[in-house]
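*Asks:* The structure follows.
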Amino acid sequence: MCAGGAVTGRHPVRVAPHPTSPPAGKPAGRAQAGVAELRSRGGRVARARRAILEVLAGTSEHLGIDELFRRAVATAPGLHLTTVYRAVERLEELGLVVQVHGDRGAAFFHLSEVVAGQSHLHVRCRVCERVFDVPAGLLDEAARRLDESAGFLLTPEHTALARTCRWCRAPRDLFVDELLSAPPTAAARKG
């Protein structure tokens, strides 16, 4: 596994920010914006909801529910896992938190565009399991074509597309290039 982390329910997902992403605001400001938005949407500012907003505002990682719970308890001692599940579910219903599913492993969470001030999509490397943020509009054309041809509305922000990142592909590609450019061995010349 590459340095950077793993996608599991117990571990945070390490995120490689997209190089063109604007710098995020201060965590306290994002948390306060989340609380204000929660109130404006008619949501109650319960201790668990506030703790979740503060945890997500304070990290660039996309957290699984277990890690989110662990960090929320550090912020608001005495919370129960069931309470955190319900709070995350409600924050997602209100459009303040986004739940993202990958091809394997636990779902992870991050603040929505409404709170974070920017939107993005996710891709996950199947080798090192890092999750990378990519520009939100990257799949707009594919979504438009899918709607036109099949009448299907795509919501890519809830799914992490999976394949192999350039860093995990590079050693294999270098090895193949070496094989192709190396002079044939005596055994290869005979056979």
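Rule-based calculations on the coordinates, nothing more; no lab input. Bear in mind the structure is a predicted one, so any value in this text is a computation, not a measurement. Cβ: placed from backbone, ideal geometry, glycine included. Neighbour counts: every protein chain shown.
*Asks:* Give, in nm to one decimal, the length gained when the segment between L161 and A142 is fully stretched (0.36 nm per residue of separation minus the Cα-Cα distance).
*Replies:* 5.5 nm
*Asks:* Jot down the radius of gyration and Dmax of segment 62-104, Cα atoms only, both in angstrom.
*Replies:* Rg, Dmax (Cα atoms, Å): 10.9, 33.
*Asks:* For L153 and R104, what does the FRET efficiency come to when R0 = 25 Å and r is the distance between their Cβ atoms, rounded to the nearest 0.05?
*Replies:* 0.50
*Asks:* Based solely on C-alpha atoms, express the radius of gyration and the Dmax of segment 113-167 in angstrom.
*Replies:* Cα radius of gyration and Dmax of segment 113-167 are 12.9, 37 Å respectively.
*Asks:* Karplus couplings for segment 114-123 from phi (6.51 cos²θ - 1.76 cosθ + 1.60, θ = phi - 60°), rounded to Hz, Gly and Pro as x?
*Replies:* Here the 3J(HN,Hα) series is 4, 8, 7, x, 8, 10, 7, 10, 10, 10 Hz.
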